[in-house]
Each structure stands twice: as C-alpha cells, then as structure tokens.
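The values are calculated or read from the model by the stated rules, or taken from the named source; none is laboratory data. If you're wondering where the values come from, they're calculated on a predicted model, not measured in any experiment. Every residue, glycine as well, gets a Cβ built from its backbone with ideal geometry; the counts of neighbours run over all protein chains shown. Ligands, DNA and RNA are stripped out before the accessible areas are found, and what is left, the full protein with its side chains, is counted by its heavy atoms. Shrake-Rupley method; radii C 1.70, N 1.55, O 1.52, S 1.80 Å.
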Amino acid sequence: MRAGAEIVSDEVILDAVAAEAGWMEDLLVRLVEAPTTLGNEEAGQRIMEEAFIDCGLEPRSVALDAEALRGAEGASPFSWDVEGKRNVVADWPASGSGGRSLILNGHVDVVPPAAEALWTNPPFRAVRDGDWLYGRGAGDMKAGLAAMTVAVRALESAGYTPAAEVQLQSVVEEECTGHGALQCLLDGARADACVITEPHPDHITVAQVGVLWFHVELSGIPAHAARASHLGFNAIDAAVEVLAALRRHEARLNDDPPPPYDAFEHPINLNPGVISGGDWPSTVAATCTLSCRIGLYPGQSPEEARTGVEAAVAEAVAASPRLAENPPRVRYDGFSCEGSAVDADEPLVQTLSGAYARLHGVRPPALATTATTDARHFVRMGIPAVCFGPRGEGIHGIDERVSLRSVVESAQVLGLFIKDWCGLAPGRKEES
Ligand SMILES: [Zn+2]
C-alpha cells in the first residue's frame with residue numbers, strides 16, 4: 001500500500017511547486033548561461049550538482065568510461081575524448097514501502113547555436129520577455145532539468161518523502177550518442193519507470209525513431225579550375241551526386257511508413273548537417289566530407305540503416321564512372337541507435353496522463369516523435385520511459401525559448417505523478 005498517498009492533497013503539491021517558481025527560474029537562467037555544447041558540459045553539471053545539494057540531496061558523479069561504453073549494447077561509435085566527463089545523479093531516498101521507483105532524467109548538453117548572427121540576443125545569454133525565457137538550451141532541455149528538480153524540491157520542502165526511490169539524473173551527450181544515460185544504466189540505475197523531461201508539452205511521447213549519423217568521405221583530383229572539365233574531378237560535385245542518391249533513398253523510406261509513423265507525412269528525415277571540402281575557389285576540390293543524420297523506424301536496426309545508406313552511395317557510384325574511379329568511403333561516428341516505443345496502456349503512461357489531467361482538465365495524447373531521445377536506453381533495459389516536459393520553441397534553431405509558466409506546470413504535473421506513482425509519506429520534518 002502506498003502509505004500516506006491519501007493524506008497529501010493535490011493543492012498542497014501544486015502550491016509547493018508554485019512557491020519554487022523563483023528558485024526554478026534562477027536555476028534555469030544559470031543553466032542557459034553555461035554554454036554546455038559537446039565537450040563543455042561540466043559548467044552545467046556543476047550548477048546541477050549545486051542545485052541538487054540545495055534541495056537537501058547528496059549528488060554523486062557517474063563518470064563516462066570510454067572502454068565500458070564502447071563494449072556496451074546500445075552504444076554508438078565516437079571519436080572524441082570523454083575523459084573527465086560525468087553525469088550528476090541524486091537519489092531522493094524512499095521511506096516506507098509499496099511505491100514504485102522512478103528515474104527523472106534530463107540532459108545538460110546543448111547543440112551549437114546554428115548561426116549566432118541570426119539570434120536576436122546572444123544565444124548563451126538568458127533573456128526574459130514576459131513568459132518566455134530565451135537562450136540556446138532553454139527548451140532543449142534545461143527547462144526540463146529545472147522542472148524535474150523543482151518537483152522533488154517542492155515535495156521535499158513540503159515535508160514528504162517518496163515511498164519508493166526517485167533518482168534525478170543530469171546527463172551528458174544526449175545530442176550525439178546518448179552515452180550519458182547509457183553510462184547511468186551501466187552504473188546500475190534501475191527503476192520501475194523513467195520520465196525524461198524533454199520539451200514535449202501537452203502530450204506524452206511514447207515512440208521515437210532511431211538515428212544514424214554517417215560521414216561520406218569523397219576524394220577528387222585537384223587541378224586548376226580553368227581546366228577542370230577534362231583534368232580534374234571535383235569532390236564537392238561528387239558530394240552533390242551522392243546526396244542526390246541519398247535523397248532518393250530517403251524518399252523510398254517515406255513511401256509506406258509502419259504505424260505509428262503512418263500518421264506522419266514524412267517521418268524519416270535525412271539531414272545533410274555539415275559539409276566541408278576544398279581549399280581554394282580556383283582549385284578543383286580534392287576532398288569533401290558530407291556529414292548526415294537519418295532516422296530509423298522502431299524495429300529497424302542501425303546495421304540495416306547502414307546497409308541502406310551504403311546501398312544509396314553505391315547507387316551514386318554505379319551511375320558515375322568518375323565517382324567509381326574515386327570511390328567514396330562511409331564512416332560512422334556518433335548516433336547509431338535504434339528507435340523505441342512503449343505501449344500507451346503502460347501504467348506509466350496512464351498514471352502520468354492522469355496526473356496531467358488533474359491540472360489541465362484533459363488527458364494528453366500519447367504521441368510518436370520523429371526525433372530520438374535517451375528513452376531508448378531505458379526501454380532497452382526493460383524500464384518503460386516516456387518524454388513529457390515544458391513548452392519550448394526554436395529547438396535546434398534560432399531564438400530558442402521556453403514558456404516559464406509551462407516549466408512550473410510541468411513540475412506540478414510531475415509532483416502529482418510522484419504522489420501517484422511513488423507514493424508520498426510524511427518525511428524528515430515529521431520525524432525530527
Ligand atoms: Zn533534448
């Protein structure tokens with residue numbers, strides 16, 4: 001039995017969270033102003049560590065272990081150094097019994113600003129305008145980190161403890177491999193459910209695609225541009241030919257999507273994200289690298305996705321004798337991950353949906369996303385995981401922003417959910 005669940009009223013929880021709005025905004029501002037791009041996550045992790053301590057918790061570090069990650073199921077290839085990187089994890093210990101344990105997970109890393117000159121304000125300055133707080137990472141997903149922390153902080157300071165443990169995880173590398181979350185699982189993190197507070201407002205995300213990053217290395221034959229047509233072979237032109245074949249591959253993948261992706265017009269997106277090549281306008285480009293991201297349907301393995309990409313590149317080669325003489329090489333570095341899904345009937349989804357409905361008056365839809373999140377790692381380990389969190393806009397774009405009211409409301413829903421899922425018992429205040 002979830003002792004004490006009946007004696008905590010929803011109103012007490014909603015008020016306790018609302019009372020933390022100032023603390024939450026202050027945490028969010030500090031997080032946004034820490035430019036936690038890949039390799040620079042530590043400034044954000046220090047802030048999260050302080051925040052957990054300020055909630056009366058005892059955070060610990062879960063260091064990334066390159067060797068363990070490389071050997072782990074669900075890992076992606078990576079060429080960069082992870083030495084010194086860590087997740088920050090804090091347990092809110094259980095008192096009592098009978099509840100269900102919970103992981104609340106958020107990532108501290110952010111993607112680069114895309115094009116700083118296009119931003120109205122500098123991307124790593126937190127600027128408030130009415131209900132909106134602007135800055136890279138404000139939505140994706142520092143607001144989610146703030147919301148999950150405040151949910152626990154508010155319940156804790158109102159004098160409650162959970163009947164089953166709640167673990168808060170602030171992880172790194174969600175935007176490139178998911179190895180922060182994977183490392184937490186390698187470290188032994190387990191729970192009856194996981195909620196990732198990604199910016200998925202007013203719905204619960206139950207299915208996601210997988211993602212493959214691949215890099216096509218093209219080589220050309222350098223020559224003076226004036227004689228390019230008969231002497232040289234341009235690696236940038238070669239990249240254009242390969243990209244055209246990859247676009248045809250993408251179109252085929254979107255021909256007949258399996259459910260739940262049949263509800264989307266174009267669920268599988270190929271994104272040529274980075275292209276670099278050549279060294280002089282009047283020299284035929286000798287090299288070019290085309291770095292792309294493509295989605296995978298749940299059930300499709302990263303290996304199958306690789307085979308598809310390589311077949312598309314081979315198609316370009318078959319159509320071009322010059323490309324055949326200078327064959328492209330496909331390299332994998334970063335995301336190589338499967339999609340995942342949880343059943344909308346899962347107790348996690350139903351309980352979270354019920355908590356949402358008590359604040360907002362309606363049950364939120366359970367939806368699929370055409371992006372990936374760390375949820376797949378938990379699902380692979382048998383831990384049902386969904387995404388739910390604040391309202392962000394401009395994610396991975398410019399002038400990213402988050403609705404501060406939605407951060408408070410997400411934390412309120414999480415507070416109600418913790419009551420229902422974990423159970424709440426009178427905590428330290430009653431015992432002392
Ligand atoms: Zn995210």
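Some observations on this one:
- For the range 96-121, the set of residues classified as open to solvent by 30 Å² or more (accessible area, probe 1.4 Å) and more than 20 Å from the chain's Cα centre (by Cα) consists of Gly96, Ser97, Gly98, Arg100, Ala115, Glu116, Ala117, Leu118, Thr120, Asn121, listed by residue number.
- The residues of the range 386-422 that are in contact with a Ser or Thr (Cβ under 9 Å, 6 or more places away or on another chain), more than 19 Å from Asp202 (Cβ to Cβ) and open to solvent by less than 30 Å² (accessible area, probe 1.4 Å), listed by number, are Trp421, Cys422.
For (1) outside any loop (DSSP other than H, G, I, E, B); (2) touching a strand residue (DSSP E or B) at 6+ places or on another chain (Cβ under 9 Å); (3) open to solvent by 50 Å² or more (accessible area, probe 1.4 Å); (4) β-branched (Val, Ile, Thr), each residue gets a yes or a no:
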{"position": "Pro327", "(1), (2), (3), (4)": "no, yes, yes, no"}
{"position": "Gly334", "(1), (2), (3), (4)": "no, yes, no, no"}
{"position": "Asp343", "(1), (2), (3), (4)": "no, yes, yes, no"}
{"position": "Leu352", "(1), (2), (3), (4)": "yes, yes, no, no"}
{"position": "Ala355", "(1), (2), (3), (4)": "yes, no, no, no"}
{"position": "Ala368", "(1), (2), (3), (4)": "yes, yes, no, no"}
{"position": "Ala371", "(1), (2), (3), (4)": "no, yes, no, no"}
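- Here Glu175 meets each of (1) in contact with a strand residue (DSSP E or B) (Cβ under 6 Å, 6 or more places away or on another chain); (2) within 26 Å of Val82 (Cβ to Cβ); (3) acidic (Asp, Glu) with one exception, condition (1).
- Filtering the range 127-160 to residues that are modelled with pLDDT of 95 or more, assigned to a helix (DSSP H, G or I) and surrounded by fewer than 20 Cβ atoms within 10 Å (Cβ to Cβ) leaves nothing.
- Enumeration of residues in the range 174-190 that are away from the ligand (no atom under 11 Å from the Cβ), in a loop (DSSP other than H, G, I, E, B) and surrounded by 24 or more Cβ atoms within 10 Å (Cβ to Cβ): Thr177
- Tyr134 in contact (Cβ under 8 Å) with a residue 40 or more places away in the chain and farther than 23 Å from Gly423 by Cα: yes
- Just one residue in the set Ala223, Ala164, Ala151 is out of contact with any Cys (no Cβ under 7 Å at 6 or more places or on another chain), over 30 Å from Val240 (Cα atoms) and not aromatic (Phe, Trp, Tyr); that residue is Ala151.
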